[in-house]
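The values are calculated or read from the model by the stated rules, or taken from the named source; none is laboratory data. Since this is a predicted model, take the numbers as computed values, not measurements. Using ideal geometry, Cβ is built from the backbone for each residue, glycine included, and neighbour counts are taken over all protein chains shown.
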Amino acid sequence: MAIGFGVIGCGMIAGFHARAIAELRGARLIGGYDAVPAAADRFAQTYNCRAYRELDQLLADPAIQIVTICTPSGAHMEPAVRAAEAGKHVIVEKPLEITLARCDRIIQACQKAGVQLATIFPSRFHAPAQLLKKAIDQGRFGRLTLGDAYVKWFRTQQYYDSGAWRGTWKWDGGGALMNQGIHSVDLLTWFMGPVKEIVAVTDTLAHERIEVEDVAVAALRFANGALGTIEASTAVYPGFLKRIEIHGSEGTAVLEEEDLKVWQFAKSSRRDEQIRQEMAHRTKTGGGAADPAAIGHHGHLALFKQFLQALKTGDKPLVDGHEGRRSVEIILAIYKAAETGRAVQLPLKSDPALKARRAAQKAG
């Protein structure tokens, strides 16, 4: 019998979930709920499923075993916690939430209910990323020395104006980092390991009527001693594919979206040339660099597939709640470093109380 999925929040990203579920063997989409009934109706008509008028109706449906959360970033916690309390397994779109306290509330609710939790980071499931991680674990890079993430994207003013939640601290939780760059923050730290210290600067340079940054630059020191950088922007015309560079004393790899641009080691293996050929020219979309809808759903499909496998075996999902929380913590530390002008140590002892965010929330 197919396992049933329910989707909470029926905006743009919910369509990627629906298409992935449609291709997922042993699964089917039961229905979706949105606080705006018309959005749920459109979703149901498009994907041939049920539109729920109340969240409780979706959560009470015994045909649904897994719930995916596609609400705005700062509204992930409430439906995720309610889904866990209803006994549903939970998959949450990135970011897991926008504060550490809200991330922890989701994690704790799922643990208490005995249900599985995953965060959507599809880039981990791309074949070149999997190969890169394996090579790191095998020690092929020698000592890791430098790890860099570049997300030089472009978003129009109309993008931010299209939804009242976009570009706000309360609902978006941040800008180019929290909304767009977080995928690369996750990949970088998956490859390089935990971050120990951060210095940063951020600014809003090209957009109006937003509270959050559209340019951010951070310098990192990882726990293993390596250094690194993160650059994220939605103000770089015309927008470029995201890029990850991993360097070590014995090797370098450069990943541009799904294309492996560099794969070079002091001690080469027989498969290296084959890998270079097979992992080039794999990017089939714009990667979201200029159009948030210009992505594929194959990463979601792979993540959902691994989640179902984890349910069968009892293993934890590759990107569980704690993994999802890690990127949020790093981004919050970058915001804190940028505001204070001081180096910030990780792990954070509490959620940073940003002046800009406090002022915006108070005004709201």
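List of remarks:
- Count of residues meeting criterion [crowded, with 20+ Cβ neighbours inside 10 Å, closer than 21 Å to Leu177 by Cβ and not aromatic (Phe, Trp, Tyr)] in segment 100-122: 6
- Qualifying residue in segment 321-331 (condition: outside any helix (DSSP H, G or I), in contact with a helix residue (DSSP H, G or I) (Cβ under 7 Å, 6 or more places away or on another chain) and under 28 Å from Leu220 (Cβ atoms)): no
- Residues (buried (at least 23 other Cβ atoms within 10 Å of the Cβ) and touching a residue at least 60 places away in the same chain (Cβ under 8 Å)) located in segment 56-67: Ile64, Ile66, Val67
- When the test is whether a residue is crowded, with 18+ Cβ neighbours inside 10 Å, in contact with a helix residue (DSSP H, G or I) (Cβ under 9 Å, 6 or more places away or on another chain) and assigned to a loop (DSSP other than H, G, I, E, B), Arg166 passes it.
- Wholly enclosed helices (runs of 4 or more DSSP H) of segment 1-79 bearing at least 2 residues of a type in the set (A, V, I, L, M, F, W, C) and out of contact with any Cys (no Cβ under 9 Å at 6 or more places or on another chain): 12-22, 55-60
- Residue pairs whose Cβ atoms lie under 6 Å apart, separated by 6 or more positions or on different chains, with the first residue in segment 85-103 and part of a loop (DSSP other than H, G, I, E, B) and the second among the acidic types (Asp, Glu), are Thr99/Asp351.
- Residue check, Ala164 at pLDDT below 95, at negative phi, of a type in the set (A, V, I, L, M) and out of contact with any Phe, Trp or Tyr (no Cβ under 6 Å at 6 or more places or on another chain): yes
- Exclusive hit being out of contact with any helix residue (DSSP H, G or I) (no Cβ under 6 Å at 6 or more places or on another chain), not assigned by TED's automatic domain parsing to the domain that holds Trp263 and not hydroxyl-bearing (Ser, Thr, Tyr), set Gly114, Gly139: Gly114
- Against the list (1) buried (at least 24 other Cβ atoms within 10 Å of the Cβ); (2) over 21 Å from Leu318 (Cα atoms), the condition Cys70 fails is (2).
- Every condition in (1) more than 21 Å from the chain's Cα centre (by Cα); (2) within 14 Å of Phe121 (Cβ to Cβ); (3) of a type in the set (S, T, N, Q) is met by Gln306 except one, and the failing one is (1).
- The single condition from (1) modelled with pLDDT under 95; (2) basic (Lys, Arg); (3) closer than 30 Å to Leu117 by Cβ that Lys362 fails is (3).
- Here Ala294 fulfils each of the conditions (1) of a type in the set (Gly, Ala, Ser); (2) farther than 30 Å from Gln158 by Cα; (3) modelled with pLDDT under 95 apart from (2).
- Selected residue (criterion: surrounded by the fewest Cβ atoms within 10 Å (Cβ to Cβ)) from residues of segment 131-163 that are outside any loop (DSSP other than H, G, I, E, B) and free of Cβ contacts under 8 Å to residues at least 40 places away in the same chain: Gln158
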